[in-house]
Amino acid sequence: MVPITIMVTGANSGIGFEAAKHFATMNPARLIVVCRSVEKAQQSIKQIQEETGCKNAEPMALDLGKFSSISEFATQASKTLDRLDILVENAAVAIHGKVHSDRRMVGNPCKTRLHILLLLPIIMNTAKQHSVVPRIVVVSSEVIFFANIGSDAIAAPNTLETLSSKEYCTPEVLANRYTQSKILNVMLVHKLAELLPKNIVPVALNPGFCLSGLRREVEGEQATRYKQMEDEFAYTSEEGSRQIIYSAIGGKDEELRGAFTSYSQVLEISDWMLSEEGKKAEDKTWVEMIELFGKLDNRIPGIVAEYLKA
């Protein structure tokens, strides 16, 4: 059996934890369980070991609320990981109806992008040295079909700064912020498929509406609505995690590369994302993020130059 290494972020609860359990049953050489703290990761590993017998799980800490934590994580990973075959980017938190917060727009999608880019040297080296096809799996949502990024934000000098500004973030704008973050996740996968060599497979997925802690900060009437939805038709976290597993090891590489999967099938993305405006938003936010990341971590310009074709 090929001694593969799998990394799952947000693996302490919900679909991330259930996906980690599924991977554990496959007896990987190393299963990297990534949570906000080592303690949380160790708690997950203890339960995974009890339920699967897996002895190859290792904890790592990553706080996606802090850019510095992502850089520190990448430094540690470069010293301790000799390969990375499957990277599952699942860590996220939904924040609804409150005040403007950096992690709402720049947080989840941007920090996920930085995390992936900083791990690219390990992933690319894995493909080259072991003649395998690593996958980068990014959790998105079916809500991408219900929203877009505002035309006014796209037309602004800097779209990401506009989307994250207090002035722009009215209650009406924030009502669509979660869906916009999921759109950016799919845009990320498209860009990676465009810029990475063919032996790397980035794929986005919809896990479905699942029971999880994702809505833990929701309050009031919205919390009541979500509770009703969960009671009526939500999938369990384990059922949702199966979609992660499919995108990580199922299907054909050439079909999943750059794709959006839902219920173990490749779906065409929304009309807006396929439109001229959607493509402009994808290209513009990518350039803005690379510029931002170059200021946050001095490794980014070199990684972009070496691993991402122009």
Legend entry - Residue within the stretch 18-33 that is in contact (Cβ under 8 Å) with a residue 24 or more places away in the chain, part of a helix (DSSP H, G or I), touching a Gly at 6+ places or on another chain (Cβ under 8 Å) and at positive phi present: no
Inset, instruction - Just give me the residues in the stretch 29-53 being within 21 Å of the chain's Cα centre (by Cα) and surrounded by fewer than 21 Cβ atoms within 10 Å (Cβ to Cβ), in sequence order. - result: ARG30, ARG36, SER37, VAL38, LYS40
Inset, instruction - From VAL133, VAL143, grab the single residue that is part of a loop (DSSP other than H, G, I, E, B), surrounded by fewer than 18 Cβ atoms within 10 Å (Cβ to Cβ), among the aliphatic types (A, V, I, L, M) and modelled with pLDDT of 90 or more. - result: VAL133
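I'd like to verify a number: residues in the stretch 240-255 that are in contact with a Ser or Thr (Cβ under 9 Å, 6 or more places away or on another chain) and either over 10 Å from VAL137 (Cα atoms) or surrounded by fewer than 24 Cβ atoms within 10 Å (Cβ to Cβ) (or both), how many?
Number satisfying all stated conditions: 6.
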Inset, instruction - Take the stretch 154-172 and flag every residue that is free of Cβ contacts under 8 Å to residues at least 24 places away in the same chain and buried (at least 17 other Cβ atoms within 10 Å of the Cβ). - result: THR162, TYR168
Inset, instruction - Scan LYS309, LYS280 and give me the residue that is part of a loop (DSSP other than H, G, I, E, B) and in contact (Cβ under 8 Å) with a residue 40 or more places away in the chain. - result: LYS309
Legend entry - Qualifying positions in the stretch 192-220 - out of contact with any helix residue (DSSP H, G or I) (no Cβ under 9 Å at 6 or more places or on another chain), modelled with pLDDT of 95 or more and of a type in the set (D, E, K, R): GLU194
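Being more than 22 Å from ARG242 (Cα to Cα) and under 13 Å from the mean Cα position of the chain (by Cα): is that true of LEU120 here?
In short, no.
On the given criteria, is SER181 among the hydroxyl-bearing types (Ser, Thr, Tyr), crowded, with 23+ Cβ neighbours inside 10 Å and at pLDDT below 95?
Against the criterion (among the hydroxyl-bearing types (Ser, Thr, Tyr), crowded, with 23+ Cβ neighbours inside 10 Å and at pLDDT below 95), SER181 qualifies.
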Inset, instruction - Scan (1) farther than 19 Å from ILE4 by Cα; (2) out of contact with any His (no Cβ under 9 Å at 6 or more places or on another chain); (3) modelled with pLDDT of 95 or more for the single condition VAL99 breaks and write down its number. - result: (3)
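The values are calculated or read from the model by the stated rules, or taken from the named source; none is laboratory data. All values reported here derive from a predicted model rather than from experimental measurement. Here Cβ is always computed from backbone atoms with ideal geometry, including for glycine, and neighbour counts include all displayed protein chains.
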